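Take a look at the structure set out below.
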Amino acid sequence: GTEIDEISSTIIAEKLGATGSFAVGHGGHTGIGNLPIVFFGNEDQKSRYLPAIATAEKVSSYALTEPDSGSDALSVKTKAVLSPDGKHYILNGGKTFISNGGIADMFIVYAKIDGEKFSAFIVDAEDDGLTTGAEEKKMGLKGSSTCSIYFDDVKVPVENLLFEAGKGHVVAFNILNIGRHKAAANAVGAAKYALDLCASYANERKQFKVPIAQFGMIKEKLAEMAIRIYAAESTVYRTGGLLSEIIDSLDRSGLDGGKIAAQGIEEYAVECSLEKIFASEVEAFVVDEGVQVHGGYGYIAEYPIERLYRDARIRRIFEGTNEINRVLIPTTLLRRASKGGLPLMAATKELKMYLAGSVPTLENPGDIVQTIKNVFLFVLGTSYERYGDEVLKQQEILGHLADLAIYAYTTESSWLRAQKTVATNGQNAKHKKNLATAFIYSAVEKVSLIAREVIATLATGSELEVLRADLDKLFQYTPIDIIALRRKIAGAISAAGKYVAS
C-alpha cells in the first residue's frame, strides 16, 4: 500500500528469495493474490479488500490451477452460474496446488460462466460451500501452505466479479507477467544465499590439510555459480527497470489506471518469461553444485543447502512451467511481428544482406553479444521460411528459439551492466567485467550448438551447406582462456567469502 516502485519491490523479492516458504507465502499474498484487485478491481472492490490485504489482516490467494488444467489454464472446469435472482454467481468445482490455500481469507478464483466465459472472481474463504483440503506433503517449501480448494454451490455476490465476464484471461495472464518477474527475483536471492554458504564452507572445509576452496574443481564451481548469478541478476534488474519505466510513463490517474498499468506491463511479457526461465534454471544449477561443494553434508537436513536444493525445484514449474514459457517467447514475438508491431522479418532480411558481404572477426565481448542476437534472428528467419505460421506447432524448434532469445537477452544485460560500471568507475568494475566476459564467451558456444541443431532439421544437402556457411561467418572469433578467468572470479569470491558483484 505504499506505492513502492518496481525496482524496490524487486529488491524485496530478491531478499526474500532465500527464505523459500515465506517468499512463496508473501508473493502469493502481496503479488498474484493482490494485484488482480489492484489492476482490475473497481473502486468498491478495492475499498472492501485492499486495506485488509495491505495490513495482512486478511491473507489472499490465487486459485487458477485445477487437477486437469495446469499449463492449459483456459480449460478450467470450475463453473459459475448466475442465480435466478441475479444477485450471485453459484460456483462449483475445485482448485489444486493453491499457495496459501490453508491460511487464506479470500481467493482470486477463475471459473467459466455457464461453462463458457472464462472469468475472475473474488471469493471469501468463509462463504458457505467452500472447503479446504488437507495440506499437501511437498518435496520442498514445507513451511508454506498448499491445499486444494473445493466449491459446492458457493454463492459469490455479482459485485465480486473482477473486470468483465469472459475477460478472466486478461486478468490471469497480465498478473502472471509480474508473478514471473518476482519469481525470477526470488530465484536470484536463493542462488546468492546458496553461493554465500558454499564460499564460506569451501574456505573452512579442509581436505589433505588444504581448504577445498583452493582446489581447481571447487574454484570452477564457485566461479561458474557466480558467473550465472551475475547474468541472472543483471537480467532481472534490467527487466525491473523496463517495467518501472513503462509504468511511470503511463497516466494512471483515472479509474482505469490499474488496467492501463497492466497493459503497459504486457509489453514486456517476453522479457518476464525470459528472466523466469533463466533465473530459475540458474538457481537449479547453483543449488545442485552447492550440494556437491558440501559433499555428504549437503545431503543432511541440518545444512541449509539441503533445503535450498529441495525448495528450488518448484520454481521451474509454477508461474507457468519453463516449457510453456519457452513456447510463449517465440510465439509472442512472431505474432507481434505479424501484426506489424515488431520488425522481425525486416531485421532478418537485413542480416542476410550483411552475411552476403565480408563479415569481420569478432574482437570483444560486445561483438559476441551482437552475434548471439544475429544468430537468433538467423535461425528465427530460417525457421519461418521453412514452416511459415506452422512453425508455431514445432515445439522443439520453438524451445530452441527461446533458448537463443534467452542467451541474447542475458548476455546483453550482463555486458551492458559491466560496461556501465566500467564507464562510471563503479565498485568491482573489473570483477563485473570478468563475470560478464566469462558468461558471454561460454554462452556463444552453447548458442552455436543450438543453432546448428535447428538448421539441421530445417534443411538438407546443398541448402544446409549454405546455412552452415552463413553460421560460420557469424561465429568468427578468437576464443579466450575462460579457465584462467574463472580462477580470478573464484579468487574474488573466496576472498570475500560470499557472492560479490554489487
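The values are calculated or read from the model by the stated rules, or taken from the named source; none is laboratory data. Since this is a predicted model, take the numbers as computed values, not measurements. Methodologically, a virtual Cβ is constructed for each residue, glycine included, from the backbone with ideal geometry; neighbour enumeration extends over all protein chains shown. The accessibility values were calculated without ligands, DNA or RNA, using every heavy atom of the protein model including side chains. Shrake-Rupley method; radii C 1.70, N 1.55, O 1.52, S 1.80 Å.
Descriptive notes on the structure:
Residue-by-condition table, conditions (1) touching a Phe, Trp or Tyr at 6+ places or on another chain (Cβ under 6 Å); (2) modelled with pLDDT under 95; (3) within 17 Å of Ile11 (Cβ to Cβ); (4) in a helix (DSSP H, G or I):
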{"residue": "Ala187", "(1), (2), (3), (4)": "no, no, yes, yes"}
{"residue": "Lys192", "(1), (2), (3), (4)": "yes, no, yes, yes"}
{"residue": "Ala199", "(1), (2), (3), (4)": "no, no, no, yes"}
{"residue": "Lys219", "(1), (2), (3), (4)": "no, no, no, yes"}
{"residue": "Arg252", "(1), (2), (3), (4)": "no, yes, no, no"}
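- Among the residues of segment 1-21, those that are open to solvent by 30 Å² or more (accessible area, probe 1.4 Å), in contact with a helix residue (DSSP H, G or I) (Cβ under 9 Å, 6 or more places away or on another chain) and part of a loop (DSSP other than H, G, I, E, B) comprise Gly1, Thr2, Ile4, Asp5, Thr19.
- Among (1) in contact with a Lys or Arg (Cβ under 6 Å, 6 or more places away or on another chain); (2) open to solvent by 60 Å² or more (accessible area, probe 1.4 Å), the one test that Leu342 misses: (2)
- Scan of segment 39-77 for residues that are in contact (Cβ under 8 Å) with a residue 12 or more places away in the chain, within 19 Å of Gly166 (Cα to Cα) and part of a helix (DSSP H, G or I), ordered by number: Phe39, Phe40, Gln45, Ala73, Leu74
- Out of Ile305, Ile329, sole residue that is at pLDDT 95 or above, of a type outside the set (Lys, Arg), over 18 Å from the mean Cα position of the chain (by Cα) and closer than 28 Å to Ala438 by Cβ: Ile305
- Test result for Val500, on the phi < 0 side of the Ramachandran plot, among the β-branched types (Val, Ile, Thr) and in contact with a strand residue (DSSP E or B) (Cβ under 8 Å, 6 or more places away or on another chain): no
Table: residues versus (1) part of a loop (DSSP other than H, G, I, E, B); (2) within 27 Å of Ala408 (Cα to Cα); (3) among the small types (Gly, Ala, Ser).
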| site | (1), (2), (3) |
| --- | --- |
| Ala262 | no, yes, yes |
| Val270 | no, yes, no |
| His294 | no, no, no |
| Glu302 | yes, no, no |
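- Tally, over segment 22-75, of residues that are within 18 Å of the chain's Cα centre (by Cα), small (Gly, Ala, Ser) and either open to solvent by 40 Å² or more (accessible area, probe 1.4 Å) or more than 19 Å from His169 (Cβ to Cβ) (or both): 6
- Matching residues, segment 180-202, being surrounded by fewer than 21 Cβ atoms within 10 Å (Cβ to Cβ) and either in contact with a strand residue (DSSP E or B) (Cβ under 8 Å, 6 or more places away or on another chain) or more than 30 Å from Arg487 (Cβ to Cβ) (or both): none
- Residue in segment 84-100 that is in a helix (DSSP H, G or I), buried (at least 18 other Cβ atoms within 10 Å of the Cβ) and not aliphatic (A, V, I, L, M) present: no
- Residue list for segment 415-445, restricted to those being β-branched (Val, Ile, Thr) and either touching a Pro at 6+ places or on another chain (Cβ under 7 Å) or not in a helix (DSSP H, G or I) (or both): Thr424, Thr437, Ile440
- Scanning segment 108-145 for residues that are assigned to a strand (DSSP E or B) and under 12 Å from Ala63 (Cβ atoms) yields Ile108, Val109, Tyr110, Ala111, Ala120, Phe121, Ile122, Val123, Leu130, Thr132.
- Residues of segment 117-159 satisfying the condition of being polar (S, T, N, Q) and exposed (fewer than 15 other Cβ atoms within 10 Å of the Cβ): Thr131
- For segment 453-490, taking the residues that are surrounded by 14 or more Cβ atoms within 10 Å (Cβ to Cβ) and without any contact (Cβ under 8 Å) to a residue 24 or more places away in the chain, the one that is nearest to Ala199 (Cα to Cα) is identified as Arg468.
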